[in-house]
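These notes are about the structure you will find just below.
Every number in this text was worked out from the coordinates using simple rules, so none of it is lab data. Keep in mind the model is a prediction, meaning the values are calculated, not measured. Don't worry about glycine lacking a Cβ; one is built from the backbone with ideal geometry, like all the others, and counts go over all protein chains shown.
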Number of protein chains: 2
Amino acid sequence: MNAADLRLPVDVPSTALFTDRYELTMLQAALRAGTADRRSVFEVFTRRLPEGRRYGVVGGTGRVLDAVENFRFDSGVLDFLADRRIVDEPTLAWLADYRFRGDIWGYPEGEVYFPGSPVLRVEGTFAEAVLLETVILSILNHDSAVAAAASRMAVAAGDRPLIEMGARRTHELAAVAAARAAYVGGFASTSDLAAGFRYNIPTVGTSAHAFTLLHDSERDAFRAQVDSLGGSTTLLVDTYDVTEAVRMAVEIAGPELGAVRIDSGDLLLLAHRVRQQLDELGAAKTKIVVTSDLDEYAIASLAAAPVDAYGVGTQLVTGSGHPTCSMVYKLVARADAAGPDAPLRPVAKKSMGGKTSIGGRKWAARRPDADGVAEAEVVGTGPVPAELADRQLLVQLVRGGETVAREPLDAARDRHRAALAGLPMSAIQLSRGEAVLPTEYI
Amino acid sequence: MNAADLRLPVDVPSTALFTDRYELTMLQAALRAGTADRRSVFEVFTRRLPEGRRYGVVGGTGRVLDAVENFRFDSGVLDFLADRRIVDEPTLAWLADYRFRGDIWGYPEGEVYFPGSPVLRVEGTFAEAVLLETVILSILNHDSAVAAAASRMAVAAGDRPLIEMGARRTHELAAVAAARAAYVGGFASTSDLAAGFRYNIPTVGTSAHAFTLLHDSERDAFRAQVDSLGGSTTLLVDTYDVTEAVRMAVEIAGPELGAVRIDSGDLLLLAHRVRQQLDELGAAKTKIVVTSDLDEYAIASLAAAPVDAYGVGTQLVTGSGHPTCSMVYKLVARADAAGPDAPLRPVAKKSMGGKTSIGGRKWAARRPDADGVAEAEVVGTGPVPAELADRQLLVQLVRGGETVAREPLDAARDRHRAALAGLPMSAIQLSRGEAVLPTEYI
């Protein structure tokens, strides 16, 4: 594919270009130095959670597996790299045959994590593993940030469903990934059709203020909507006067009206008033949906209000104050020579400045207390203690280049709910605090 | 295309699915009500700048034009909409022929904006214009947020080049758009190969700590890099001991060494120390690149340090605290009947809650004072005053469905520099403050 042929504003021919240039220049230098084939272990982890957060949520693992499978250098990509003289001829030849043939282990999607948790481990030659740094971090840092925000919102919402509506507030494809991560974190549905198409997430949505304003009166607009979408639709009642709109909505749709949506004003006050009015009009089953710059705190503050569903946009897709995680991809062990049998040696940056990390290929386990509640995230480089053997967190995702752990999105969503239930109760407090589990290194 | 055929983790068949479901249900209801063909004017604007910011930067206009051209409902999309019963048969038939045939006007990309500035105006039938809401807002809200952060960083950096390195901190395709927006805002280059491929932005990058750790010694790593990439490369000097690394770097590459990169520690202190050391080693032309969680304030604090270039990641792609703009897409005028000659009537939401807007199709102009410095953003709905006729900000981007204002990215970049130069000096203060221009409504 030539750049001139591109049509979609987001077209790229493969995931191989979601890569920082230095990965290819490192590859070139390592190929020439004869070090490219040293067996290497890279790990993804974060040194800290976002300030005040008590747990992180692994989001994007399934997308990582797709990205690794599609990480190929076709002729369009190779032509680009050659034209711009990004790498030399031997490197281009090596890239032409590239596919990842190593192993990937990781915390399964939806699992929670803490500072130092090895959420993903990539093993292969240095050459094949170093290339995946950027695309893996892009996906995990973005998706995990959204999943964590979604999880907190879902905790705040309790049994009430959450609707993801943030597409307009983020990049058009980040929006699709955000809807997916929100679903993992506990959201019920999305307004984003691309997310419905791509990931089979339930989509919802009925009308905006523009629809009311298009018509000669709110009455005409409501009638048009009910005529076309039926009485179970959701009518938006805050374009002019909410009380008058609710009255008219029930008059037109009947007491079987599905729901009304309130998108502005004092939601707490309005929800109570509208509920009372709906009940008085005989529309006791008509639901109330609220949408208007909600975050987990606003959702929690509406817990006692007669609200049936929340629509969340901006704060969801921007991670509720933390739009990215600080996951890094670090070489933690490598062999001294090429070949599968050369022993691995732990390595780590040692300079000043706080960016140090712990060398060695790691396992991780979550240790329960006597009541079965998690009490520590245990990370180690040696043998796994017997009592933690069946508490290990990393599962194999890719074996010899083949994906072995593909799963439906609902599995990640269910796993997240279970993981959260296994944490101490303080995990679900919205207030700022420390990570609910300490990380212990063995 | 069937969802099962998708390979890339981001595959979508066209931009038509970057759409909230309610746009299609509104379309269906309007088609049935006979109101879908009423001529309508939608405008994109923001009610406020991010807190403390003095100006906004229009980013993404070029991507909007691509997205509108690719907004087509092919059979794969139509099958999806039919299978999920998202819209009815008449609506599917209407969508099959869809292409936007209206007009789009807007602030050209790179221009600055203020609260109330009509940064984009879409005119057509209600049906054809309502569908574009989400994709237009996604692009403008994301790209403008990054462009604004980039602009502030470029102001802080002065003549020193800025390198965009944030791909790993955001969604893999948001990263490509972010690199593009950063370039518009004044960045010189990007680490992201996809951005180089897609938008022809210069790419840079040499090596990471992993490359040093791969080798048996830092000396081996530096030699491998210089052997392959030449003496003009940039060596990363903070894996172990910076002073020793700098000494060795010059020993291996010679005094012609291109640059050293410092990625951790006290950058101010280290830059001074490394500069002195390089000068003493005869490497007076060797540059110093710093990278480590920089934002505009950190860049400004290094203004007096001997730094030659800045690499910026997280804070750039997350809009330096403001990852999205609050742009909205509102119906501001529409006809009472179908057809091109029915007169337009201003419309606006009138409910409580602060989400009101001003009806009517708007023009905008930037009024200069006697010295030619901008003093007000003037927005009006009536005739344009003669003295502002040649100061108007909106240009036609699409005429009758045809894009008429495509331009190279450098044009947007140059325009941004000129727009900033036309503002009062206080625009380039990094401190928090009000918008530097008041918005006046006529």
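Could you identify which residue out of B:TYR55, B:TYR297, B:TYR329 has the top mean-square fluctuation in a GNM of chain B using Cα springs shorter than 10 Å?
Result for chain B, Cα springs under 10 Å: B:TYR297 fluctuates most.
Let me check against my output: what whole-number percent is the relative contact order of the range B:223-307, with C-alpha pairs under 8 Å and at least 6 apart?
29
If you take the beta carbon distance between A:VAL404 and A:ASN200 as r and set R0 to 22 Å, what does 1/(1 + (r/R0)^6) give as a FRET efficiency, to the nearest 0.05?
0.50
Provide Rg and Dmax in Å for the range B:165-225, with only Cα atoms included in the calculation.
Using the Cα atoms of the range B:165-225, the pair Rg, Dmax is 14.5, 42 Å.
Can you list the residues, at least 5 places off or on another chain, whose amide H is less than 5 Å from the amide H of A:GLU440, using H built in the peptide plane?
Those qualifying (amide H under 5 Å, at least 5 residues apart or on another chain) are A:GLU377, A:VAL378, A:VAL379.
So what's the range A:217-279 giving for Cα Rg divided by 2.2 N^0.38 Å, two decimals?
So the range A:217-279 has a normalised radius of gyration of 1.02.
Looking only at B:VAL146, B:VAL119, B:VAL130, which one moves most when chain B is put into a Gaussian network model with springs between Cα atoms under 10 Å?
B:VAL130
Semi-axes, largest first, in whole Å: what does sqrt of 5 times each Cα gyration tensor eigenvalue give for the range B:37-102?
Each semi-axis is √(5λ); the values are 33, 14, 14 Å.
Which distances, in nm and shortest first, link the A:GLY254 label point to the same label point in every other copy, taking 7 Å along Cα→Cβ?
From this label point to the equivalent ones elsewhere in the assembly: 8.9 nm.
Largest first, please: the extent of the C-alpha atoms of the protein assembly as shown along each principal axis, to the nearest Å.
For the protein assembly as shown, the Cα spread along each principal axis is 80, 74, 46 Å.
Hey, any idea what Rg/Rh is for chain A, computing Rh the Kirkwood way over Cα pairs?
1.05
How big is the Kirkwood radius of the range A:46-198, worked out from every pair of different alpha carbons and given in Å to one decimal?
By the Kirkwood definition, the hydrodynamic radius is 17.2 Å.
For the range B:146-320, taking Cα atoms only, what is the radius of gyration to one decimal and the Dmax to the nearest whole Å?
Over the range B:146-320's Cα set, Rg and Dmax evaluate to 15.8, 44 Å.
Through the Karplus equation 6.51 cos²θ - 1.76 cosθ + 1.60, θ set to phi - 60°, convert the phi angles of the range A:120-128 into ³J(HN,Hα) values in whole Hz; use x for Gly and Pro.
8, 9, 10, 10, x, 6, 3, 4, 6
Going by Cα centres, the range A:182-243 and the range A:357-393 are how many Å apart?
The range A:182-243 and the range A:357-393 have Cα centres separated by 47 Å.
Taking 7 Å along the Cα-to-C-beta vector as the label spot, tell me the B:ARG391-B:ARG417 distance in nanometres, rounded to one decimal.
Simple spin-label model gives 2.5 nm for this pair.
Taking amide H positions as placed in the peptide plane 1.01 Å from N, state which residues far from A:GLY313 in sequence (5 or more) or on other chains have amide H under 5 Å from it.
Residues meeting the amide H criterion: A:MET165, A:ASP293, A:LEU294.
Using only DSSP helix segments of four residues or longer, with each worth -39500 (n - 2.57), what per-residue ellipticity at 222 nm results for chain B after dividing by its residue count and rounding to 500?
Taken over chain B, the calculation gives -10500 deg cm²/dmol.
Mind giving me the FRET efficiency for B:TYR297 and A:LYS350? R0 is 30 Å, r the Cβ-Cβ distance, nearest 0.05 is fine.
0.55
From the label point of A:GLU51, set 7 Å along Cα to the beta carbon, how far off in nm is each other copy's matching point, shortest first?
1.2
How large is ³J(HN,Hα) for each residue in the range A:396-412, as worked out from phi by the Karplus curve 6.51 cos²θ - 1.76 cosθ + 1.60 (θ = phi - 60°), to whole Hz, x for Gly and Pro?
Result, ordered by residue: 7, 9, 9, 10, x, x, 9, 5, 10, 9, 6, 8, x, 4, 4, 5, 5 Hz.
With each pseudo-label sitting 7 Å past Cα toward Cβ, what's the B:ASP97-B:ASP371 distance in nm, one decimal?
Those two pseudo-labels are separated by 5.9 nm.
When Cβ neighbours within 10 Å are restricted to other protein chains, what is their mean count per residue of peptide B:218-224?
The per-residue average across the peptide is 3.
Measuring label to label, 7 Å along Cα→Cβ, what does A:VAL373 give against each other copy in nm, shortest first?
Taking the point 7 Å beyond Cα along Cα→Cβ, the inter-copy spacings are 6.2 nm.
Assuming R0 = 35 Å, what is the FRET efficiency of B:ARG361 and A:ALA305, from their Cβ-Cβ distance, to the nearest 0.05?
Given R0 = 35 Å and the Cβ-Cβ separation, E is 0.35.
Considering only B:ALA167, B:ALA96, B:ALA157, give the residue with the highest GNM mean-square fluctuation for chain B, with springs between Cα atoms whenever their separation is below 10 Å.
The residue that fluctuates most here is B:ALA96.
Rounded to the nearest Å, what's the spacing between the alpha carbon centres of the range A:403-442 and the range A:259-275? Just the number, please.
Comparing the Cα centres of the range A:403-442 and the range A:259-275, I get a distance of 33 Å.
What average count of beta carbons from other chains do you get within 10 Å of the Cβ of residues in B:128-137?
Other-chain Cβ atoms within 10 Å of each residue's Cβ, averaged: 3.
Could you bin all the Cα-Cα distances of the range A:106-160 into 10 Å bins starting at 0 and give me the percent of pairs in each, rounded to whole numbers?
19, 44, 25, 9, 3
Over chain A, what is the mean sequence separation of C-alpha contacts under 8 Å (at least six apart), divided by residue count, expressed as relative contact order in percent?
Worked out over chain A, it gives 23 percent.
Short version: ³J(HN,Hα) in whole Hz for each residue of the range B:108-116, in order, from phi by Karplus 6.51 cos²θ - 1.76 cosθ + 1.60 (θ = phi - 60°), x for Gly and Pro, what are they?
Once rounded to whole Hz, the list reads x, 4, x, 4, 8, 9, 9, x, x.
What Kirkwood hydrodynamic radius, in Å, does the range B:267-353 give when the mean of 1/r is taken over all pairs of distinct Cα atoms and then inverted?
17.9 Å is the Kirkwood radius here.
Would you mind telling me the antiparallel percentage of the DSSP bridges in the protein assembly as shown, rounded to 5?
65
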